[in-house]
Amino acid sequence: MDILEAIEAYNQRNGVTLEFKALLSDMDGVLYNSMPFHAKAWAETMQAEGVECEAREFYAHEGRTGKGTINIYFNKHKGREATEEEVQRIYSEKARRFVECGEAHPMDSAQEAMQMIKASGKTIVLVTGSGQKSLLQKLDLHYPGIFTPQTMVTAYDVIKGKPNPEPYLMGLTKAGVERDKAIVLENAPLGVEAGRAAGIFTIAVNTGPLSEEELYEAGADIVYPDVKTFANEIKKIL
Ligand code: MG
């Protein structure tokens, strides 16, 4: 399927005419090749809490807030929600272990893609469930002039987080556009679900270990194997 066909299907489904004015982009697994570090840091942190788990299962939780992820494991393994104090302590520990993994690098072709989209006059808004300050603070270094505090939705802004549409609805507000004037760029099923639930045309880049089908099942309008392919295809509508 071509991006133009996917947009046509979106238009028919929603009774709208998509006009691309703003890109709402996720961070981990899209702008940064950081998911292997997040998965490792989560698994080590939860194992230290006495929870049996493996790194790869955390890809299924990608996009959730830290609190959301912690409570899924607490409910399953301890039969209760984590206290606010536990959430703070465990999330800090996870963030510390993430930093120990080393430096997360920008995803191949992502810097060029963002510069190209910005140069064509589109607004770009970051929409991430992450509260990883070590990475958020690097954005302006790796993506200069692209993201400002006014054009970012992070873990510090949301209550529900992905897969709820809340963060992407906030992204639309920050971009100052309606749902049919924006495109979501995601890599995780829960993020795709959030974009779709917000009524926005949602592109997925499959940069992790999941199958393409999982991203289509989550509601992606089109799935590309990597950011480089996305960058080439998006040129058709710039
Ligand atoms: Mg992601």
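The values are calculated or read from the model by the stated rules, or taken from the named source; none is laboratory data. Keep in mind that what you see is a predicted model, and the values were worked out from it rather than measured. We place every Cβ from the backbone using ideal geometry, glycine too, and count neighbours over all the protein chains shown. Keep in mind that these areas ignore ligands, DNA and RNA; they rest on the heavy atoms of the full protein, side chains included. Shrake-Rupley method; radii C 1.70, N 1.55, O 1.52, S 1.80 Å.
DSSP beta bridges in the chain, what fraction antiparallel, as a percent rounded to 5? Given both bridge residues lie in the chain, the antiparallel proportion sits at roughly 5 percent.
When all alpha-carbon pairs of the stretch 35-100 are counted, what percent fall beyond 19 Å? Distances greater than 19 Å cover 18 percent of the Cα pairs. Between Asp108 and Lys235, what is the spin-label point distance in nm, taking each point 7 Å from the Cα along the Cα→C-beta axis? If labels sit at Asp108 and Lys235, their model points lie 1.7 nm apart. Distance between the modelled labels on Ala9 and Glu57, one decimal in nanometres: 3.3 nm (7 Å Cα→Cβ projection). The phi-based Karplus calculation (6.51 cos²θ - 1.76 cosθ + 1.60; θ = phi - 60°) puts the 3J(HN,Hα) values of the stretch 11-20 at 4, 5, 5, 9, x, 9, 10, 5, 10, 6 Hz, whole numbers, x for Gly and Pro.
Annotation: Thr148 carries an accessible surface of approximately 50 Å², with a 1.4 Å probe and no ligand, DNA or RNA atoms counted. Placing +1 on the Cβ of every Lys and Arg and -1 on the Cβ of every Asp and Glu, with nothing else charged, gives the chain a dipole about its Cα centre of roughly 640 debye. The calculated Kirkwood hydrodynamic radius for the stretch 1-114 is 16.6 Å, given to one decimal from all distinct C-alpha pairs. Packing, as the average of other Cβ atoms within 10 Å across residues, places the peptides 222-229, 25-32 in the order 25-32, 222-229, highest first.
Put simply, the amide H of Gly208, placed in the peptide plane, has no neighbours under 5 Å, leaving out anything fewer than 5 places away on its chain. The order of the peptides 167-176, 149-158 by mean Cβ neighbours within 10 Å, most packed first, is 167-176, 149-158.
Per residue, the solvent-accessible area of the stretch 1-80 (1.4 Å probe, heavy atoms of protein chains only, all protein chains present) comes to 44 Å². The string of couplings for the stretch 74-85 from the Karplus curve (6.51, -1.76, 1.60, θ = phi - 60°) is 5, 4, 6, 9, 10, x, 7, 6, 6, 6, 4, 5 Hz, one whole number per residue in order, with x for Gly and Pro.
For the stretch 35-100, a crude dipole built from +1 on the beta carbon of Lys and Arg and -1 on the beta carbon of Asp and Glu, taken about the Cα centre, is about 100 debye to the nearest 20.
GNM on the chain, alpha-carbon springs under 10 angstrom: the most fluctuating residue among Lys67, Lys162, Lys133 is Lys133. Per the Debye formula on identical point scatterers at the alpha carbon atoms of the chain, with no solvent, log10 I(q)/I(0) at q = 0.08, 0.13, 0.17 Å⁻¹ is -0.28, -0.73, -1.24. Maximal additional length on extending the Asn75-Lys118 stretch stands at 11.2 nm, based on 0.36 nm per residue less the C-alpha distance.
Length available on full extension from Leu141 to Tyr216: 0.36 nm per residue minus the Cα-Cα distance, which gives 23.7 nm. Packing-based ranking of 41-50, 135-144 yields 41-50, 135-144, ordered from highest to lowest mean Cβ neighbour count within 10 Å. Contact order, relative form, for the stretch 35-100: 38 percent (alpha carbon pairs under 8 Å, 6 or more residues apart, mean separation divided by residue count). Mean residue ellipticity, 222 nm, helices only, the chain: the sum of -39500 (n - 2.57) across DSSP H runs of n ≥ 4, divided by residue count and rounded to 500, is -13000 deg cm²/dmol.
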